[in-house]
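Quick notes on the structure that follows.
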Amino acid sequence: MKKLLISFLALTILSIANAQNNADESSQAIPTTDPQYEWSQYKDKTGSAQIGKKGLLLECKKSDEVVASVVELPFNPENDNFKFDATFTETKLSQDFNVGIIFDYSDTRNFKGIRISKEQFVFFSVKDGTTANIKSGLIKYKGKSYIISIDKQDEKILFSLNGLEFSKIKRAKIESPYFGVFVYGKGKALVPEFNFQITDSGNDIEQSTTDM
């Protein structure tokens, strides 16, 4: 009886360890230098978005301009729930210099985004080239690096900064698999890594229900 109990405990511990290892692997940060993900790059008089040894460097040379880079991610926008985050380092936020994430990107005239300044956040949308601020609020954080996260849960999206949730959007709709990172205002920021994982799929849920 004692041997059976010991064997059962050993198997239980092993299962927990494997589950933790799988979770760690699924949430492992992806370098922006990974060739599997083709971040858009460019350089002109207003700024640049370029991949270097340390990652994706965004540099804006004008106070009223945006420099951005986008990437296509492997998921179904209509059905999949997901988590996405990007890390911004080697930068300092102010009221005039912001960093942020773009999502539901169709083209330069149609997308949604969240941006962070020294003291507040702004959730906005761009439609046919016209920007509309949808929601804003005050925000607090510590440190000199910024991890901005998006967590889609069905029709709800949660936004977090350095692990702390700061806003929630209900009845959100995402139709494009393109995401991006950007800086606004004169300055630069390094994006060394990002993270993306599908948390569950509507197709999978529907299929499992049918099998039952």
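Phi angles of segment 74-85 translate, via the Karplus equation with coefficients 6.51, -1.76, 1.60 and θ = phi - 60°, into HN-Hα couplings of x, 7, 9, x, 6, 10, 7, 8, 7, 10, 9, 9 Hz per residue; Gly and Pro are given as x. Normalised per residue, the accessible area of segment 110-155 is 60 Å², obtained with a 1.4 Å probe and no contribution from ligands, DNA or RNA.
3J(HN,Hα) couplings calculated from phi for segment 162-178 with the Karplus curve 6.51 cos²θ - 1.76 cosθ + 1.60 (θ = phi - 60°) are, in sequence order, 6, x, 10, 5, 10, 7, 9, 10, 9, 6, 7, 10, 10, 10, 10, x, 8 Hz; Gly and Pro show x. On the principal axes of its alpha carbon atoms, segment 128-168 extends 36, 25, 16 Å, with the longest extent given first. Taking a 24 Å limit on the Cα-Cα distance, which of the listed pairs K61/K140; K45/K144; K112/K140; K135/K156 fall beyond it? Where the Cα-Cα span goes over 24 Å, the pairs concerned are K61/K140; K45/K144.
The values are calculated or read from the model by the stated rules, or taken from the named source; none is laboratory data. If you're wondering where the values come from, they're calculated on a predicted model, not measured in any experiment. Ligands, DNA and RNA are excluded from the accessible area calculation, which covers all protein heavy atoms including side chains. Shrake-Rupley method; radii C 1.70, N 1.55, O 1.52, S 1.80 Å.
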